[in-house]
Amino acid sequence: MADDLVARLDACTAVIRKKAPGFTPKLGIILGSGLGAFADSLERAVSIDYRELPDFPVSSVHGHAGRLVLGHRGEVPVVAMQGRVHFYEGYQPWQVAFPARVLGRLGIKHLTVTNAAGGINLGFKVGDLMAITDHLNLAGFNPLIGKNADELGPRFPDMSHAYDPASLEVLRGAAKAEGVQLREGVYASLSGPSYETPAEIRMLRTLGGDAVGMSTVPEVIVASHMGIKVTGISCITNLAAGIGKNALNHEEVSEVANRVTQTFQKLIGRFLADVATKF
Ligand code: HPA
């Protein structure tokens, strides 16, 4: 972790506050590969290119825009990240997690994390949405390594309820109300950028993974560290390596995520409205 992390966070949040004066978001959402369209539905929105924000990492991955959007869903102030960076892009762990910390410093009480993921669970189909109940951090790093910033959170944060059970219940209710089938499972994170081998997928299944991806976990760890409640949703964009016959590729991942975007937005819209009443 950068020794001057808090100062860097303060500098970044100051720029955002200047561009959106008086705006205090209650909810945050990180939109993964192909899922960014939700941010366009925010009303009275201010959007800021990541390149305008000091220390904000910028993604080089196709399908990841780089914009922070501050706006409203009904009366609820929401900050959305359209695009994120990954460890495999060469950023330091603290940099990968920096945007989630900025959302925390802006005042969010709850963070929704979304991603595209490969389905490990043999009961899953391409296009399914999965509520993340827990994760396996197998990416080989932790964004909290380094000197702890005590004003942000404790040295050894509890991760027993990293995905807030009460918010998960709200998500289940939102899925039911919208008629969306919602799977549930454990998200296993690896660093990437190569996709997994079939042997690695068998290993992850043995370990209890239901879906696999290359993102999300750093943000969830720092949000937990800061005491922010988290809900996670994976879009199952492909069957993990060795399950289907097809080779994996990023175009397919983006294409499927774009295809389920309407269902995803319906679910997210209802969920954010419902979860906002709890915070
Ligand atoms: N593996 C890792 N990351 C992914 C996958 C996958 O199969 N699909 C989408 N992101």
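The values are calculated or read from the model by the stated rules, or taken from the named source; none is laboratory data. This is a predicted model, so every value here is computed, not measured. Positions of Cβ are backbone-derived with ideal geometry, glycine not excepted, and every protein chain shown enters the neighbour counts. Accessible surface is based on the protein model in full, side chains and every heavy atom, while ligands, DNA and RNA are left aside. Shrake-Rupley method; radii C 1.70, N 1.55, O 1.52, S 1.80 Å.
Observations on the structure shown:
- With the helix formula -39500 (n - 2.57) applied to DSSP H stretches of n ≥ 4, the chain reaches a computed 222 nm mean residue ellipticity of -10000 deg cm²/dmol.
- Averaged per residue, the range 66-207 has 41 square angstrom of accessible surface, using a 1.4 angstrom probe with ligands and nucleic acids left out.
- Every pair of different Cα atoms in the chain enters the Kirkwood calculation, which places the hydrodynamic radius at 18.6 Å.
- Cα-Cα separations in the range 92-206 greater than 26 Å, expressed as whole percent: 31
- On full extension, the segment bounded by Lys278 and Lys18 gains 90.8 nm, given 0.36 nm per residue less the C-alpha separation.
- Where the range 216-278 is the region considered: accessible area per residue in Å², 1.4 Å probe: 39
- The charge dipole of the chain, taken about its Cα centre with unit charges on the Cβ atoms of Lys, Arg (+1), Asp and Glu (-1) only, comes to about 480 debye.
- When the surface is traced with a 1.4 Å probe over the full set of protein chains, Glu169 keeps roughly 110 Å² accessible.
- Under 11 Å, Cβ to Cβ, from Leu168 - net charge with Lys/Arg +1 and Asp/Glu -1: -2
- Build a GNM of the chain with springs between Cα atoms under 10 Å apart, and of Gly90, Gly32, Gly118 the one that fluctuates most is Gly90.
- Residue pairs exceeding 27 angstrom between C-alpha atoms, taken from Lys125/Lys278; Lys176/Lys278; Lys26/Lys176: Lys125/Lys278.
- Largest-first ordering by accessible area, 1.4 Å probe, given options Phe56, Phe156: Phe156, Phe56
- Within the accessible surface of the range 40-120, defined with a 1.4 Å probe on protein heavy atoms only, the carbon and sulfur portion equals 47 percent.
- Amide N proximity, the range 1-44 versus Gln92 label position 7 Å along Cα-to-Cβ, cut-off under 14 Å: 1-9
- Counting protein heavy atoms only, the range 197-263 has 52 percent of its accessible area on carbon and sulfur, 1.4 angstrom probe.
- Surrounding net charge for His72, when Lys and Arg each add one and Asp and Glu each subtract one, Cβ distance under 15 Å: 0
- Magnitude of the charge dipole, the range 1-91, Cβ model with Lys/Arg +1 and Asp/Glu -1, debye to 20: 260
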